[in-house]
1. Which is farthest toward the positive dipole end of the protein assembly as shown among A:Gln295, B:Thr186, A:Ala1056, measuring Cα position about the Cα centre, with Cβ charges +1 (Lys, Arg) and -1 (Asp, Glu)?
2. With the alpha-carbon atoms as the only input, what is the per residue convex hull volume for chain A in Å³?
3. Given a Förster distance of 25 Å, report the FRET efficiency between A:Lys712 and A:Asn739 from their Cβ-Cβ distance, rounded to the nearest 0.05.
4. Counting only helical runs of four or more DSSP H residues, what would the 222 nm mean residue ellipticity of chain B come to if each run contributes -39,500 (n - 2.57) and the total is spread over all its residues?
5. Looking at the square roots a ≥ b ≥ c of the eigenvalues of the Cα gyration tensor of the range A:522-672, which shape do they give, rounded for a/c under 1.5, prolate if a/b is larger than b/c, or oblate?
6. Per-residue HN-Hα couplings for the range A:853-861, Karplus 6.51 cos²θ - 1.76 cosθ + 1.60 at θ = phi - 60°, whole Hz, x for Gly and Pro?
7. Taking a ≥ b ≥ c as the square roots of the Cα gyration tensor eigenvalues, with a/c under 1.5 meaning rounded and otherwise prolate when a/b beats b/c, else oblate, which class fits the range A:819-863?
8. For A:Thr802, which sequence-distant residues (separation of 5 or more, or a different chain) have an amide H within less than 5 Å of its own amide H, given hydrogens modelled in the peptide plane?
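Throughout, read-outs are computed from the coordinates displayed, never taken from laboratory work. Please read all numbers here as calculations on a predicted model, not as lab measurements. Counting neighbours? That spans all protein chains shown, and the Cβs are built from the backbone with ideal geometry, glycine included.
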Amino acid sequence: MTFHPDNIMTNVSFKKVLLLGSGALKIGEAGEFDYSGSQAIKAMKEEGIETVLINPNIATVQTSEGFADKIYFLPVTPFFVEKVIEKERPDGILLAFGGQTALNCGVTLHESGILEKYGIRVLGTPVQAIMDTEDRELFIHKLDEIDVKTIKSEAVESVDAALRAARELGFPVIVRAAYALGGLGSGFCDDEKELIELTEKALSFSPQVLVEKSLKGWKEIEFEVVRDRYDNCITVCSMENFDPLGIHTGESIVVAPSQTLSNDDVQFLRKLAIKMVRHIGIVGECNVQYAYDPQSMDYRVIEVNARLSRSSALASKATGYPLAFVAAKIGLGYGLFELKNSVTKDTPAYFEPSIDYIVVKLPRWDLGKFHGVRREIGSSMKSVGEVMSIGRTFEEAIQKGLRMIGQGMHGFVGNHDLKIADIDKSLREPTDKRIFVIAKALRSGYTIEDIYNLTKIDRWFLYRLQNLINTEIELEGYNEITDVPVELLRTAKEQGFSDFQIAKAVLKDRPQSGAEGNSIVREYRKSLGILPVVKQIDTLAAEYPAQTNYLYLTYNGTTNDVEYTGDHRSIVVLGSGAYRIGSSVEFDWCSVNALMTVKREGWRSVMINYNPETVSTDYDMCDRLYFDELTFERVMDIIELEQPHGAILSVGGQIPNNLATRLDAEGVNILGTSAKCIDNAEDRHKFSAMLDTLGIDQPRWKELTSFDDIRKFIDQVGFPVLVRPSYVLSGAAMNVCSNEEELERFLRLAANVSKQHPVVVTEFIQNAKEIEMDAVAAKGEIKAYAISEHIEFAGVHSGDATIQFPPQKLYVETMRRIKKISAQIAKALEITGPFNIQFLAKNNDIKVIECNLRASRSFPFVSKVSKINFIDLATRAMLGQEIEKPNKSAFDLDYVGIKASQFSFSRLQGADPVLGVDMSSTGEVGCLGVDSTEAILKSMLSVGYRVPKNSVLMSTGSARSKADMLEAAQMLHKQGFTIYATEGTARYLEENAIPVIRVYWPSQPDMEPQALKLLHDKQIDLVVNIPKNLSSTELSNGYKIRRAAIDLNIPLLTNARLASAFINAFTTLSVDDIEIKTWDEY
Amino acid sequence: MRETRRATLILEDGTTFVGKSFGHESSTSGEVVFNTAMTGYPESLTDPSCEGQILVTTYPILGNYGVPPHLEKDTISEFYESNRIHARAIIAQDYSWEHSHWQADRSLSEWLIEEGVPAIYGIDTRALTKHLRENGSMLGKIVIEGTEEVDFYNPNSENLVAKTSCKEVEIHGDGAKTVVLVDCGTQHNIIRGLTKRGLKVVRVPWDYDFTTESYDGLIISNGPGNPAMAEATVLNIRKALEIGKPICGICMGNHLLAMAAGAKTYKLKYGHHSHNQPVRRIGTNNCYITSQNHGYAIDITTLPEDWEPMFENMNDGTNEGIRHKTKPYFSTQFHPDDTDYLLDEFIAMI
C-alpha cells in the first residue's frame, strides 16, 4: 500500500485567505464563478478563516454582506492584487474560483515572485500543475510521460514528410498551411491522394504545413475529477456533448450523464481521467475533456482545466455534488473522506453521485443584438448564458430546455416556421438555430442517416428527436383535445410537450390566443389526472434516505417525493432564467437577497429557476429549490402543489414580471404591486395615458402601421427618431434613424410595417442626460430611493451606459423634480416593492422614458454603494411589513460609485463594437472612489481598459463630439501623448493648436501612415473612434478601425462623453495613487 | 404511438406498478432488487449474482447503446459476466427502442426476447426504489397482459450458488503459477483479470474439494443469494486455511472466508447495489469507489482474534473486507475495479 501525501501543504492552518474573483461577466466567463466563489467563501467561513475578496463585479452575490469578510471592488490584475496583498498580508490565496482571469493573475503573481515575497501559499492545486495544464507544450509533454494521447500536430516542409506524418497519425488528417490567415490552403484529407494534392497547394502558400489527425465527427466527453492530498480521486459526472467535436462545449448542448457510452467506455475514460489528474498533481477539482472516436475506443485528451469551470458548475447542479465547496476544503488540506456529502449530510463527500434523471444544458445566444456578427457556431464561444433542464426522458429534458432558453420557442416542435434556404448547408454548417434546423429537416422527411451524415450528431439523440416529431404528427391527426387518446396525451406530456404545444398541434390556429388553447389542454388533462410529479435530487438515486430540498418536476413518474402539507407558509420567488444580454447576475443577486429576507422573516423560501450559473439555484440558499421552468404552465403546477402564501415576481427581471397578469387571473397571490398596476406600467398606451393625466412629460411617440403615418409623425417631431418594430426580420430590434434614408433602409430591409406588425416611433432627444431612479415603495409611498446619472448622453442603452451614483453633475432642481415625479408615479401605480424609472433631462426639462415595477439591473449597484439593501426593504414591504425610511440620505455619501460595462466584442467575430439603443454589453463592474475621477479609472481598468503609454488614435465623429473631445485631446497633448488622428479630426485639432499626426483611412490603402497598419504594428495604445451617427454601416472606415482595435486587443472607446471622462481620469490621476480600500472603509 | 403490451409488476405486499412490455412476452417472478449504476446493463443482466432477481435500474433511460455481441474467447465472454442472462427480468422508467453504439449487434429488447426474459418500462422506478429501500428487497412478479400469471418465487430458498456454479473443473489461461478459482457464480471479468495477469486458472465447482489439487493461490468468487447455502465451500475453505497458501475472497467469497474463519454474517437493511460504493482501507487515508451487489455483511464482532477488518463502507460503516493478521488471507466485499491493485497484491503473495 503506497501513501502519497503531497508535500505542498500539510498541516498548514490558514488564518486569512485571499480569493480572486473573475470580474465582470463576459462571454466564456460568466455567473458560474459567482457560484464557485460563493461556495469557496462558505467553505472558508465554516473553518473560521477570514476571507478577503477582490472582485469588481458589484452585482455578484459573493461581493455581498455576509459573504466575504473584506471586499475590494478592484481589477483582478497582478498590479492591484499585489497592492491588496501588501495591505492585507493574507497567508493563503485561492486561484481556482475566479475563472481564467484569476488563474492567469495567480500564475503571474507566482512567476514574478510576489507570492513568495509575501509568504503566501496557494491553496489546492500547485501553480506548477496549473502551468502544466495551461501551457500547450508542457501539457503534451506531461501526458506523454504517462502515454496518454493528446492532439498533436506535426510541422512538415515537404510532401514526403507530410505523407510520413499522415501515415503515423492515421487518416483522415487535417492539413493547415502555417502562417496563413483565414484558413487559406487548409482542409481535410481522407487518403494519400488527397493529402498529396492539398499539401502541394498548401506549400505554395506557405513554407510550412501542419499535419494533424482529424477528429471530425468524434464525440466530445467531459469528466469532472476531484482529488485530495491523500491521492483519493473521484469523478463526479460524465458529460456528453450533443454536438460533435469542433463545436465549443460552451456552444454545444450537453447531457449528463453521458448517453451513448457503454459501461466499458465510461470506465475507460474515467480511469484515464484519474490517472492524468494524479500525474499532473491536481489538489482540488478539475475538468477533463476528451475527443472520443464513435467507432472505437480511441481517444485524445483535448484539455485539462485545473480550476473550477462552467462545466464544474454544471456538474455540481446536475448531480447535487458541491464541487467548489469540496475543492475549497481540499485546498485547506482535508481529505475527501473527512468531508460530508452536503445533500445527505450523513454520508461522506468521497463518493461518486448516481443520478436517476437526465440533465440537458443548452446555450443561450444573443447574436441578434449585434451588427455584422457571424451566426455560425464553432470552436470559439459566443453564447452569453445557459440553462439546465432536468427530466426522466431525453425528450422531456430537451423540450423543457428549449423553452427555458427564452427565445420564443415552445420546445422542439410547435414553433413558428423557420425559413431555411438550404437545409443541407444549415445542417453541415451549424448556427445558433441548429436544433431547429434538425426539427425542420425531420419534418421535411430527412432520415436519421441523412442528418447524421451532415451533422455527425450521434444517432441516439436524433432517434429521440424523431420521437418528438412522430408524436407531433400523431397529435395533428386530431382536431379536438377531447378526441386525443388519453395514452397519447400522456405520452406527449412524458415527452415534455407543453400544454401550448399540444394545443397548437390539435387545435391548429383555432383558439384566439395561445393562452386560451393552453387552458383548454390544462383543464382537460387535469380532469384525466395527467399531472407532473415532484422528484428530489439526492446524489444517490434513492439508494439511501436523504432529506433534500433540491427538486424538479416530471411527467415520468407517479409519486411525489415531497409531502405537501398545505400550510400556506411558502413564499415562491421567481428567478431570472438564462443569463442573456440585458438580464444577468444582478437579478440573481436580487433573487438571493429576496430569499434570504423571506427566510429570515419566518417564511418558507421557495425558489424557481433553471440557470446553472447562479447562486439562487444553490440548494442551500432556500428552503425548497425547484430547478424548473418559469413558464406559466410550470409555475402554476408548482403553485398548485405548494399552496403558497404568495409569490414574488419583481426580483427576477422581466420573465417573472411578464407572468403577472396570467398568474393573477388564476388567483395567485402576487406579493407587492398588483398585476393590474404592473400591466398599467407595462402597457405603453395605458402608461402614457396615466402620465398625461398626472401631467408628467414624456417623449412624443406613436404606434404606427404605415409608412405614410410614420412620415407624418416625423414631420411633427423631426429626426432623429427611435424606431421599434414589433416584428424584426434580422438584426437589432430597435434603431435610431437620423434621416429619411436610414429610416427607409431600416424599415424596408430589417423590419416590416403592417397592421399586424405596428412600429413604435418615438422622438429622440439628443444631448440629453439620462437619469435612473431606483426605489422601493410601500403602499404607493416611496421608502428608499437612489438617483443615478449616466455618463453618456441618452441614446446609449442604460445597460451599456456608465452610471454614476450618487450623481455628481445634476441640478438640485432636476433632482427635486425627479423625486416628485417618482412619488406621483409610485402613488398612481400603488407600488409596493421595487421599481425603476428612467428619465431624460435637458435643461431641467424632465421626461419619463420607462418605468418598470420590478427590481432593475442597477439594484445591487445602488444597494452596495449606498449600503442600504433595497431588495431586503422591498421584500419586507411585499411581505406586508411596515418599512421605516432609512435614516441616512444617499446625498451624504462622501464617495462615488461608478458602474461600467463589459463588452465581449472580441468573442463576436465581425460584430461592430459600437454602442447604441439596443444593449450589447455582457457584464458590468462597480467601483468606489473618493471622487468621480478615481471611480472612473478603477472601473474602466476593471473592464479591461489599460492606461495608454504613448499614443492615441482619434477619430471623433460629428462636429459636436469633436468639440466634446477637445479638452480631452488637450490633456493628452499636455501629458505628452502622441495623437494620431484621421482627416477631419486632425484638421480640427490642428485648428485648435494641438499637434497631431494625420493618418489615412482604410479606404485610402495606398496612403501612409495608414490607420490599420499602425494598429497592426501595435503603435497605438488607445483608439477613440466616435461614429458620426447612431446607425452603423458595417463596411465603413470606422467599422474597420473599430474592429481592428478589438481584434488586436487595443482598448477602444466609441462614446465621446465616456472617452473624455476616461482620458480626464488617467491624465489627472496616476494608477499608483489609486486608493486600496475595502468596501467597508468607504 | 408504439403498440406495446401492458405489463404489471406486483410486489408481495400487494403494491403494483403498471408499465409496458419491451422484453419477452411471458410472465415471471423473482426477488425485486434495484441497482443505481448508470451504465452496464449487459454486465448486470449476465452477472450470476443476479440469479433469480428482477432488476430495477434507477437510471431512468435504458437500452441506449444496445447490446455487444456475445463473443467468446476461451469460453469466457468478452463483454458479459457469464454466458447467459441470469436476471429474471429488468425494469426501467424509459426504454430506448433505438440504440446507437459501434459495438452493438442488436437491441436490448431483441436480446431479452432471445433469452426469454421479460422487461417493463414506463413505471416510476424512483418510487419503486424507495419502496424497496424502505421495505427491503421483496418478492415480485411480472404479469404481461395476455399471458399466464405465475406464482411468487423466492430465489433465496434455492441453492443459487449450486445453480450458477460451473459443473466441472475448467482450465483457463496458461502460466507458471496456478490459482484455483472456486466458482460460486463467478463473473467472467474475474477470470479475465487473472488470465490477463499470466496465471493459469483452475475453475472449480462450488462444492469441489480443491484441496486435493496443487495450487499457488486460492480465489473464492462472487455469487448469488444467501452465503449460508454454500456450506460445502466453507468446509473446503477451512481445509485451505490449514494448507496456508494465499487466499483471496471476492464479494460472496468475503462472506465465505469469514464463515470459514468462524465469523457470522447478517442481512443488511439497505443492501449495496451500485457502482459507487465508497470504501476505506482501515488504518489508512486511502479510499476507493467500488462496485457492489449484495445484501449481506460480516458481523465484525464475531471475527476470531487472529483476523481483522481490512475495509469498511464509508456510507454505513459496514464491513467491506477482512484479513488474517499473520497469514496471506484476505477478502473484499467489492469487485476489483478501482482496486485492481488488490489482485496484484494477491499475485505478489503467491
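1. A:Ala1056
2. Values: hull volume 189.7 nm³, N = 1082.
Per residue, the Cα convex hull of chain A comes to 175 Å³.
3. On the way: r = 17 Å, r/R0 = 0.66.
For R0 = 25 Å, the calculated efficiency reads 0.90.
4. On the way: 8 runs with 71 residues, N = 350.
That comes out to -5500 deg cm²/dmol.
5. Values: a/c = 1.45, a/b = 1.15, b/c = 1.26.
Rounded, since a/c falls under 1.5.
6. Once rounded to whole Hz, the list reads 8, 7, 5, 10, 4, 8, 4, x, 4.
7. On the way: a/c = 2.24, a/b = 1.26, b/c = 1.78.
Note, shape of the range A:819-863 comes out oblate.
8. Excluding prolines and chain starts, which carry no amide H, the hits are A:Ile791, A:Glu792.
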